[in-house]
Amino acid sequence: MEGADPAGDGAGGAGAPSGTVPVLFCFSVFARPSSVPHGAGYELLIQKFLSLYGDQIDMHRKFVVQLFAEEWGQYVDLPKGFAVSERCKVRLVPLQIQLTTLGNLTPSSTVFFCCDMQERFRPAIKYFGDIISVGQRLLQGARILGIPVIVTEQYPKGLGSTVQEIDLTGVKLVLPKTKFSMVLPEVEAALAEIPGVRSVVLFGVETHVCIQQTALELVGRGVEVHIVADATSSRSMMDRMFALERLARTGIIVTTSEAVLLQLVADKDHPKFKEIQNLIKASAPESGLLSKV
């Protein structure tokens, strides 16, 4: 399969220096066009990944390089002895999730995802009023700490806009979607514009559908995901419970709004600590979200 990938959606054919081949290098949610010498193999591709994404790559993890194969319409493991002979699209993928996920959060490397907190869900979602209250507190915290927020709305033409109680002032994006996962092309582009993103704090509805699919897709791209349990619900508490259990087994961090906000400030001497403290003086609602089913 030497040079076998004719990936038409790859890096593009223009602008590469003579004797080089354009390649689109993908890692996590990022994609950067570059070029390598004609005939470059695995080692040179790895070196290029390190030059492009060195500050993002955890060298304690094992990775595999994959090639986009138009024949299959998806990525395949880089064939043995592969050498670049024409433009192609490659990605670096973790072989496995780290066995120990520390879950450290810092404002500079975190983005908040608010998923489908829409008006038409109000009568159907369990304890919707409670998760609206907590979701609003999270968005206030994001504004205080300067954390980017991405908001989606599932088919808003039929399901309505984000509820009025959620203040979207200053959010980075509000996007309509029909896909269940929030990982849309526009979201990937927005994340690529934010340097050093490592963690996504995710909340909204429904836990077993849009939240679950978003979380799994992000983890597959190397992003650490924190799901805020007191700001996440479903129509069925059983669906919610088993989704959170499944996600936790996958290495995703299931946490609470207060834990997230205090982890982000980390120190009572943080210049924004008092403002965050004021947000959490009243505890989050102790609703039926605590029940198993």
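The values are calculated or read from the model by the stated rules, or taken from the named source; none is laboratory data. Please read all numbers here as calculations on a predicted model, not as lab measurements. Positions of Cβ are backbone-derived with ideal geometry, glycine not excepted, and every protein chain shown enters the neighbour counts. Areas reflect the complete protein model, heavy atoms only, side chains present, ligands, DNA and RNA absent. Shrake-Rupley method; radii C 1.70, N 1.55, O 1.52, S 1.80 Å.
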Q. Which ones in the stretch 199-210 are in a helix (DSSP H, G or I) and either touching a helix residue (DSSP H, G or I) at 6+ places or on another chain (Cβ under 7 Å) or of a type in the set (Phe, Trp, Tyr) (or both)?
A. Thr207, His208
Q) Only one residue in Glu188, Glu193, Glu165 is under 25 Å from Ser108 (Cβ atoms) and out of contact with any strand residue (DSSP E or B) (no Cβ under 8 Å at 6 or more places or on another chain). Which one? A) Glu193
Q) Restricting attention to the stretch 219-233, does a residue exist that is in a helix (DSSP H, G or I), open to solvent by less than 10 Å² (accessible area, probe 1.4 Å) and at pLDDT below 95? A) no
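To keep it simple, each residue is scored yes or no on (1) among the hydroxyl-bearing types (Ser, Thr, Tyr); (2) over 28 Å from Ser287 (Cβ atoms); (3) touching a residue at least 12 places away in the same chain (Cβ under 8 Å); (4) not in a strand (DSSP E or B).
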site	(1), (2), (3), (4)
Ser108	yes, yes, yes, yes
Phe113	no, no, yes, no
Arg120	no, no, yes, yes
Lys126	no, no, yes, yes
Ala142	no, no, yes, yes
Thr152	yes, no, yes, no
Gly158	no, no, yes, yes
Leu168	no, no, yes, yes
Q: Please work out which residue is most open to solvent (accessible area, probe 1.4 Å), limiting yourself to the stretch 60-76 and to residues that are more than 12 Å from Pro94 (Cα to Cα) and of a type outside the set (Gly, Ala, Ser).
A: Trp72
Q | Breaking point among (1) surrounded by 22 or more Cβ atoms within 10 Å (Cβ to Cβ); (2) under 29 Å from Ser34 (Cβ atoms), for Ile125 | A | (2)
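Results for (1) at pLDDT 95 or above; (2) in contact with a strand residue (DSSP E or B) (Cβ under 6 Å, 6 or more places away or on another chain); (3) open to solvent by 60 Å² or more (accessible area, probe 1.4 Å); (4) within 23 Å of Leu279 (Cβ to Cβ), shown as yes or no for each residue.
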site: Arg143; (1), (2), (3), (4): yes, no, yes, yes
site: Lys177; (1), (2), (3), (4): yes, yes, no, no
site: Met182; (1), (2), (3), (4): yes, yes, no, no
site: Leu202; (1), (2), (3), (4): yes, yes, no, yes
site: Glu206; (1), (2), (3), (4): yes, no, no, no
site: Cys210; (1), (2), (3), (4): yes, yes, no, no
Q: Using the structure shown, decide if Leu45 is touching a Leu at 6+ places or on another chain (Cβ under 7 Å), at pLDDT 90 or above, within 19 Å of Leu95 (Cα to Cα) and not small (Gly, Ala, Ser).
A: no
Q | Verdict on Ala83 being touching a residue at least 40 places away in the same chain (Cβ under 8 Å), of a type in the set (A, V, I, L, M, F, W, C) and surrounded by fewer than 18 Cβ atoms within 10 Å (Cβ to Cβ) | A | yes
Q. Just to be sure, is Lys172 crowded, with 16+ Cβ neighbours inside 10 Å, within 25 Å of Pro33 (Cα to Cα) and at pLDDT 95 or above?
A. yes
Q | Those residues of the stretch 26-58 which are open to solvent by less than 40 Å² (accessible area, probe 1.4 Å) and closer than 14 Å to Glu188 by Cβ, in sequence order | A | Cys26, Phe27, Ser28, Val29, Phe30
Q: Would you check which residues across the stretch 145-160 are buried (at least 17 other Cβ atoms within 10 Å of the Cβ) and over 15 Å from Phe113 (Cβ atoms) and list them?
A: Leu145, Pro156
